[in-house]
Amino acid sequence: MGNEFLQLESEIINVIKTVFDPEIPVNVYDLGLIYEINVNEDNHVQIVMTLTSPNCPVAESLPEEVHDKVSAVEGVKSVELNLTFDPPWTKDMLTEEALLELGLL
């Protein structure tokens with residue numbers, strides 16, 4: 001894996017960090033909602049993500065926003081986004097940044 005690959009993955013993470021859960025003032029990456037980001041050698045991206053709950057009010061718009069923003073990253077050929085609730089999201093998945101932002105640290 002070369003620097004270009006790592007740079008693309010880093011850009012994908014940075015753009016995902018611009019997507020915020022409307023109920024919690026923290027981006028979906030630091031919330032721990034992104035379970036996997038896989039970039040293959042042809043720059044096809046597969047993302048596995050979850051939501052804070054299955055009946056989250058943004059169940060349709062949040063994954064769509066992640067998909068659209070990652071699709072717009074230069075060099076990305078395609079994006080396949082899979083939504084899962086296994087394992088279910090818990091507060092343990094928050095990054096330190098999110099815990100600080102929410103005053104839980």
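The values are calculated or read from the model by the stated rules, or taken from the named source; none is laboratory data. Quick caveat, the model's predicted, so the values are computed rather than measured. Glycine gets a Cβ as well: all are built from the backbone with ideal geometry, and neighbour counts include every protein chain shown.
Structure values in brief
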{"item": "Test: residue in the range 2-24 that is within 17 Å of Thr95 (Cα to Cα), in contact (Cβ under 8 Å) with a residue 40 or more places away in the chain, out of contact with any Gly (no Cβ under 6 Å at 6 or more places or on another chain) and among the aromatic types (Phe, Trp, Tyr)", "result": "no"}
{"item": "Tally of residues being touching a helix residue (DSSP H, G or I) at 6+ places or on another chain (Cβ under 9 Å) and either farther than 16 Å from Ile24 by Cβ or not polar (S, T, N, Q) (or both) across the range 49-79", "result": "14"}
{"item": "Of the criteria (1) closer than 26 Å to Phe5 by Cα; (2) of a type in the set (D, E, K, R); (3) buried (at least 16 other Cβ atoms within 10 Å of the Cβ), which one Glu74 fails", "result": "(3)"}
{"item": "The range 85-105, residues that are loosely packed, with under 12 Cβ neighbours inside 10 Å and touching a strand residue (DSSP E or B) at 6+ places or on another chain (Cβ under 9 Å)", "result": "Pro87"}
{"item": "Residue satisfying condition, being at pLDDT below 95, more than 14 Å from the chain's Cα centre (by Cα) and over 22 Å from Leu104 (Cα atoms), within set Leu8, Leu62", "result": "Leu8"}
